[in-house]
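A.B. asks: One structure is given below, represented as structure tokens, and several questions about it will come after.
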Amino acid sequence: MIGRSWTEISLDTIKKNYLTYMDGMPDGQKIMAVVKADAYGHGDVKVALMLQKEGCENFAVSNFEEAKKLRISGVMGQILILGYTPVDLAQDLAKYDITQALISTEYAQDLFVRAELSGVDAKSIKTQFAIDTGMNRIGLDADDEVPCESAIRQYAEIFNMTGIFTHLAVADMPEEDVFTNAQISKFEKIAERVKDLELPYVHCNNTAAGLWHNTFGNLTRLGISLYGLKPDYNNTLPADIKPALTWKSVIAMVKDVRPGETVGYGRTYKIDRPRRVATIPTGYADGYSRHLSSVGMVVVNGQKAPVAGRVCMDQIMIDITDVPEVTAGMEVELIGPDYGADEMAHDIGTIGYEIVCDISARVERTYI
Ligand SMILES: *Cc1c(COP(=O)(O)O)cnc(C)c1O
């Protein structure tokens with residue numbers, strides 16, 4: 001297929017990444033597939049249903065809408081919302097059997113009150129308490145062990161509490177191991193204090209933690225490497241883990257540009273000698289970052305061609321002077337084996353996560 005701008009997603013690659021990662025995990029640990037943000041741009045329902053077939057029973061998302069979409073699409077296992085949900089949705093959490101993270105005692109209390117007001121038995125709402133071990137984002141402060149323990153106990157009485165979890169801030173940075181290990185041991189301490197509650201899920205790993213740390217708990221919340229990308233540019237993933245997404249577009253037209261002329265908005269790309277420029281119908285409204293202006297690369301005929309001047313809303317121009325035989329209608333790779341999302345991210349000072357999450361709904365997802 002040659003469209004305007006589309007991604008080709010290999011579910012088979014995601015499956016292999018899942019199985020490869022699972023192979024390396026200690027006995028008793030399971031994967032919780034993190035499919036928030038439309039599975040990092042890869043299509044949440046497609047990815048979750050495929051993983052379900054492979055035996056995956058645990059999924060994590062960022063909000064209620066994502067959770068509900070999965071549930072009504074046939075995802076049967078645990079669906080955990082990792083962050084905030086308006087307490088107005090208490091009834092719906094119960095109705096769709098969705099597990100809500102409790103982000104603070106205040107939040108837990110509000111959710112309880114709202115459940116009561118809407119005539120929902122709080123015991124029919126599944127929850128997991130978030131524990132803050134150093135990220136300072138959400139959760140009970142693990143440093144205050146006594147109040148932390150009593151909040152877990154209090155709300156385990158009220159809700160159907162199925163677990164506790166924490167999130168690691170620097171698990172992708174080997175030089176920060178001391179901090180990561182301290183986070184893990186704070187979490188272990190809290191888990192130990194509430195051991196008698198026999199909460200089924202106790203978890204702290206993300207991709208990076210599961211790969212490079214002594215693991216604790218019984219779930220790894222696997223996000224980025226499921227999609228074959230690295231937590232950090234400096235990381236090396238196991239060899240069998242491969243990117244699952246390619247982003248393609250097409251050459252809309254080719255033209256020769258004379259010395260003295262400029263290309264694009266702001267006239268930032270100045271032509272010094274006779275050059276050839278190709279226009280591609282993908283721009284920042286498609287999620288092709290404007291930071292790639294005169295920085296990014298597009299692969300044409302297996303060769304990298306630089307973005308010429310500023311990224312427009314719907315189009316970019318690339319300099320193909322050094323790439324032979326480029327014609328209108330040819331397919332190009334914006335993200336692919338020769339210029340990956342991690343590399344693109346590195347070129348503009350961000351992370352692969354942001355690159356794939358930003359590919360907008362306007363870009364058609366195709367599956368190969
Ligand atoms: C997004 C997220 C993850 C997944 O992290 P990766 O680095 O993509 O594996 C795990 N846990 C929480 C709480 C998250 O928000």
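A.B. asks: From a point 7 Å beyond the Cα of D23 in the direction of its Cβ, which residues of segment 209-252 have a backbone N at a distance under 13 Å?
C.D. replies: Inside the label zone: 238-242.
A.B. asks: Here's another thing I want to ask about it. Pull out the extension gain between R258 and D338, defined as 0.36 nm times the separation in residues minus the alpha carbon to alpha carbon distance; nm, one decimal.
C.D. replies: This chain segment gains 25.8 nm when fully extended.
A.B. asks: I need the P(r) histogram for segment 153-239: all alpha carbon pairs, bin width 5 Å from 0 out to the longest distance, whole percents.
C.D. replies: 3, 14, 24, 20, 16, 11, 7, 4, 1, 0
A.B. asks: To continue, here is another question. For a bin width of 5 Å, list the pair-distance distribution of segment 297-362 built from all Cα-Cα distances, rounded to whole %.
C.D. replies: Here the calculated profile for segment 297-362 is 3, 16, 23, 27, 20, 7, 3.
A.B. asks: Could I ask something else about it? Using only Cα atoms and rounding to the nearest 10 degrees, what angle (0 to 90) does helix 44-53 make with the longest principal axis of the chain?
C.D. replies: 60
A.B. asks: With point charges of +1 on the Cβ of Lys and Arg and -1 on the Cβ of Asp and Glu, referenced to the Cα centre of segment 151-216, which listed residue (I158, M173, I184) lies farthest in the positive direction of the dipole?
C.D. replies: Value computed over the given set: I158.
A.B. asks: Report the GluC sites (Glu not before Pro) located in segment 133-216 that are in a DSSP loop and have at most 15 other Cβ atoms inside 10 Å of their Cβ, or state none.
C.D. replies: E198
A.B. asks: Can you give me the relative contact order of segment 269-368 as a percent, contacts being Cα pairs under 8 Å and 6 or more apart?
C.D. replies: 29
A.B. asks: Roughly how many percent of the accessible protein surface of the chain is carbon and sulfur, given a 1.4 Å probe and a whole-percent answer?
C.D. replies: 50
A.B. asks: Sort segment 66-177 into rounded, prolate or oblate with this rule: let a ≥ b ≥ c be the square roots of the eigenvalues of the Cα gyration tensor; rounded if a/c is under 1.5, and if a/c is not under 1.5, prolate when a/b is larger than b/c, oblate otherwise.
C.D. replies: oblate
A.B. asks: Calculate the length of the line joining the C-alpha centroid of segment 326-342 to that of segment 235-286, in whole Å.
C.D. replies: Segment 326-342 and segment 235-286 have Cα centres separated by 9 Å.
A.B. asks: Can you tell me the 0 to 90 degree angle between the C-alpha axis of helix 145-158 and the longest principal axis of the chain, rounded to 10?
C.D. replies: The two axes meet at around 80 degrees.
A.B. asks: Given the chain, what whole percent of its Cα pairs are spread farther than 34 Å?
C.D. replies: 36
A.B. asks: Tell me the angle of helix 177-193 to the major Cα principal axis of the chain, expressed in degrees between 0 and 90 and rounded to the nearest ten.
C.D. replies: Long axis of 177-193 versus the principal axis of the chain: about 30 degrees.
The values are calculated or read from the model by the stated rules, or taken from the named source; none is laboratory data. Just so it is clear, the structure is predicted and the values come from calculations on it, not from any experiment. Please note: Cβ atoms are built from the backbone with ideal geometry, for glycine as well, and neighbour counts cover all protein chains shown. Each accessible area value is taken on the protein alone, full model and side chains, heavy atoms only, with ligands, DNA and RNA left out. Shrake-Rupley method; radii C 1.70, N 1.55, O 1.52, S 1.80 Å.
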